Structure formats: structure tokens, C-alpha cells
Amino acid sequence: MGNHSKPFDSYIFPRINKKVRNRSVLAAMTNKQSHSDGVLSDREIKWLTRRAKDGFGIITTAATHVSKYGQGWEGEFGIFDDLFVDKLKVLTKNIHQYDCLIFAQLFHGGMRAPEKLTGKTPISASRIPCEQSSTGFTSSANVKEIKQLINDFQSAALRSVEAGFDGIELHGAHGYLISQFLGEKTNLRDDNWGGDISGRSKFLVTIISEIKKVVPESFIVGVRMSPEIKELGIYLNDSLKLAKILSKTGIDFIHLSCWDCFKTSSEHLSDKRTLTEWFTKSIPNLPTIISTGGIWSTKDADNVMQQGADLIGVGRAAIPYPDWGANLNYEKYDPPKMPFSAEQLLKAGLSDIFIDYMRNWKGFIKDE
């Protein structure tokens, strides 16, 4: 395989001049491998460390809940208490021995934090229908609770610093609490935490500014966002406005969760731009852009760089191929797609629990 000019070699985060060894990012992925008390497990450490060792530039943890009642699923590790820090230090130390950066993905499930898991009515921006609640509805966060939630994110960011992470990714995508504040169908508030996108984004913007007050200058802070989620009332025009708002907060990256980087907008059907291009081709002075969704080969990654992304995020491809990031400079790199055997995934550093979880993904694992 011949190398081409190496566009994937390294990248520098401009504000802090921090270098990443290549442009590949392991995107945050639910894997259910941690302990029921919220402590990070050795299984999860092993899965992430293997991807650092085999060549990714940046590792992002699975979503970790910033509040006890923000947990979204079983086997999710927590960051809402100081007692979690020791195990997190083991993880960051492991990752750093391979010249790799690691981010903690901070989140709160909101309406998607099941009552049967947390023992508490799920909280959200407004009182909205909620299958995970015994009443059938979420509780609407009052101003005191909003301040507490912001404080929870800030404390979690401080713990991330203490645990040795290089940065954090605020999970503002996929319908969790932050995106429930952003969506016009989920945020029905008429106070200054609701209204138009500048009001609906106030929760996220305040979280960022409170975090920036307390973390070191060199600490990387970014946001993952979904350009479109129709069910929540997250629409592309608002997401573009949000990206402009976020660009003024001094964050280091915006991670666009596209699901499919090669698709166009589901709202603007006649426009041929991909979701990434809507952002990169129309907004000046964006922070670093990570794009994720359906990237599999070097050709795909190249395409997404042409769309204007700075870093390439993958989830699915990293599961069977821990060395995916190290292969990007091979022009013809296009590893075989699913299904994979359970044995192959064990060899790639997944535990039985993670492999079982992957059985929910139609066609991912070979029928034994």
C-alpha cells in the first residue's frame, strides 16, 4: 500500500497549541462495561487503552453522568462523586503512555434517565411526556435545579482535571438533557432558559462559562451536538445559530454527530450540502470541527476532511479495528465490514458484556 501525502498525520488545537498525533478520534460509545455503583471497570479501561495503544489520536470515554440521577443506562460509569477519581486516574495514565489524548464525555440523561434506574422522576427542561417516568411525564427543572445541574457539570469537569483527562466533551447531542434544553419541542419554557435558540442554549452556554472559570487554561473543552433531531425540535437553522453562539464561548471544538457524514439535510432536501458542509462552508471562525457518522475507509475520512472537518470521529469502525487510526495514511485502507464473530471482537479487546450489547445492533455480530 502506498502512502499518499499524509493529511491525517497530526493536528494542533489552536487556542492552546496542543498537538494530537493524528486526526482520528474514538467517538464516545456506550458499552455497558462498568460497575453498578458507577465505578469505572477494568474492562472499560482495557477497551479504551487498546485503542490508544493501537494508534488513535484522541480517545473519548463513553458518556459519564454528572449527577447521581442523570444515569441513562446500566453499566455506565459515573463522575458525580470524588470517590470515582482514583479509577479514572488509572485510565488516563494508561492512555497517556501511548502519546494519546483522552476526553471525558460529560452528560445527564434528563428525560432519558429511567426512574427504575435512578429512583427519581426524570428531570427535563419542561414537563413533557416520558416513558421512563412512573407518572408518564418528566418534572420541569426549576431555576434552583437548573443552577444545581450547571454546578454538577462544573464539578464533573473539575474531577476530570483531577483525574488527568486532557479535556471534556459536553454531550449536547442524541436527545439527552442538554439537547432537551436545545429542542423547541422539549423546551417549552417562557423564562430566560427558553424561547428562541439564544434562550434555549443558555443552559449549555452557562455550563461552558462556569467550567471555563475553574479549569486550567490548557484544558480542552468541547461540545458534541446533533445538527437535526426532528422529534425534539432540533432543526438545522437553529443548530447553525447554536454553532455561531458556541464559537464565541472560547470552546476548543464542536463535534458534529451526523450519523451519516455523507447524507444531506433531512429538512432542506434540494440542498446538496452534507451536514458538515452546512457548518464549515457558512460559518467563519469555527473552533476545531470533529465529524462522526458512517466513516469506514480512508476514502471516507478524506471525503469528510474535504467537507471541512479537522478531525475524524469513528465509533463502529473502532470496535473490530482498534488500529483504525493508525491505518488512515494507507490510501486504500477499507477494512471488511460487519458482521463480525464474537471471537474477533474478544481479540479486539471487547468484554462479553460489550459483545452482548453489540448483539442489539442488527447484523453486527455473526449468528453463531
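Listed by first and then second residue, the pairs with beta-carbon distance under 6 Å, at least 6 apart or on different chains, first residue in segment 10-24 and assigned to a loop (DSSP other than H, G, I, E, B), second buried (at least 16 other Cβ atoms within 10 Å of the Cβ) and at pLDDT below 95, are 22/8; 23/8. Residue 103 fails exactly one of the following numbered conditions: (1) in contact with a helix residue (DSSP H, G or I) (Cβ under 6 Å, 6 or more places away or on another chain); (2) buried (at least 19 other Cβ atoms within 10 Å of the Cβ); (3) not in a helix (DSSP H, G or I). What is the number of that condition? The number of the failed condition is (1). Note on segment 328-356: residues that are crowded, with 19+ Cβ neighbours inside 10 Å and part of a helix (DSSP H, G or I) amount to 3. The one condition from (1) within 21 Å of residue 145 (Cα to Cα); (2) buried (at least 18 other Cβ atoms within 10 Å of the Cβ) that residue 212 does not meet is (2).
Checked across segment 225-246, the condition of being crowded, with 16+ Cβ neighbours inside 10 Å and under 17 Å from residue 168 (Cβ atoms) holds for at least one residue.
Would you say residue 317 is under 19 Å from the mean Cα position of the chain (by Cα), surrounded by 15 or more Cβ atoms within 10 Å (Cβ to Cβ) and assigned to a loop (DSSP other than H, G, I, E, B)?
Working: under 19 Å from the mean Cα position of the chain (by Cα): yes; surrounded by 15 or more Cβ atoms within 10 Å (Cβ to Cβ): yes; assigned to a loop (DSSP other than H, G, I, E, B): no.
So residue 317 does not fit the description; no.
Across segment 119-143, the number of residues qualifying as under 17 Å from residue 188 (Cβ atoms), surrounded by fewer than 19 Cβ atoms within 10 Å (Cβ to Cβ) and not polar (S, T, N, Q) comes to 5. Residues of segment 136-158 include at least one that is in contact with a helix residue (DSSP H, G or I) (Cβ under 6 Å, 6 or more places away or on another chain) and part of a loop (DSSP other than H, G, I, E, B).
Considering only residues that are within 24 Å of residue 194 (Cβ to Cβ), of a type outside the set (A, V, I, L, M, F, W, C), in contact (Cβ under 8 Å) with a residue 12 or more places away in the chain and assigned to a loop (DSSP other than H, G, I, E, B), which ones fall in segment 113-132? 120, 121, 122, 126, 127, 132 - these are the residues of segment 113-132 that are within 24 Å of residue 194 (Cβ to Cβ), of a type outside the set (A, V, I, L, M, F, W, C), in contact (Cβ under 8 Å) with a residue 12 or more places away in the chain and assigned to a loop (DSSP other than H, G, I, E, B). Just name the residue that is surrounded by the fewest Cβ atoms within 10 Å (Cβ to Cβ) out of those in segment 178-199 that are in a helix (DSSP H, G or I) and touching a Lys or Arg at 6+ places or on another chain (Cβ under 8 Å). The qualifying residue surrounded by the fewest Cβ atoms within 10 Å (Cβ to Cβ) is 198.
For segment 144-156, the criterion of being more than 28 Å from residue 20 (Cα to Cα), surrounded by fewer than 24 Cβ atoms within 10 Å (Cβ to Cβ), in contact (Cβ under 8 Å) with a residue 12 or more places away in the chain and basic (Lys, Arg) is met by no residue.
Among the residues of segment 73-87, at least one is surrounded by fewer than 23 Cβ atoms within 10 Å (Cβ to Cβ), touching a strand residue (DSSP E or B) at 6+ places or on another chain (Cβ under 7 Å), among the aromatic types (Phe, Trp, Tyr) and touching a residue at least 12 places away in the same chain (Cβ under 8 Å).
Out of 329, 360, I need the residue that is of a type in the set (S, T, N, Q), touching a strand residue (DSSP E or B) at 6+ places or on another chain (Cβ under 6 Å) and more than 18 Å from residue 256 (Cβ to Cβ). Which one? Testing whether each residue is of a type in the set (S, T, N, Q), touching a strand residue (DSSP E or B) at 6+ places or on another chain (Cβ under 6 Å) and more than 18 Å from residue 256 (Cβ to Cβ) leaves just 329. Residue 249 passes every criterion in (1) more than 17 Å from residue 286 (Cβ to Cβ); (2) outside any helix (DSSP H, G or I); (3) of a type in the set (Ser, Thr, Tyr) apart from (1).
Of all residue pairs spaced 6 or more apart or on separate chains, those with beta-carbon atoms under 7 Å, a first member in segment 350-368 that is on the phi > 0 side of the Ramachandran plot and a second member that is of a type outside the set (A, V, I, L, M) and in a loop (DSSP other than H, G, I, E, B) are 363/339. Selection over segment 250-288 of residues that are aromatic (Phe, Trp, Tyr) and either modelled with pLDDT under 95 or at positive phi (or both) gives a count of 1.
Return the residues of segment 2-17 that are of a type outside the set (S, T, N, Q) and modelled with pLDDT of 65 or more; say none if nothing qualifies. If the condition is that a residue be of a type outside the set (S, T, N, Q) and modelled with pLDDT of 65 or more, then 6, 7, 8, 9, 11, 12, 13, 14, 15, 16 are the ones that fit. Residues in segment 259-311 that are in contact (Cβ under 8 Å) with a residue 40 or more places away in the chain, within 19 Å of residue 174 (Cβ to Cβ) and either of a type in the set (Ser, Thr, Tyr) or assigned to a helix (DSSP H, G or I) (or both): 4 in all.
The values are calculated or read from the model by the stated rules, or taken from the named source; none is laboratory data. The model shown is predicted, which means the values in this text are computed figures rather than measured ones. Positions of Cβ are generated from backbone atoms using ideal geometry, with glycine treated the same way; all protein chains shown enter the neighbour counts.
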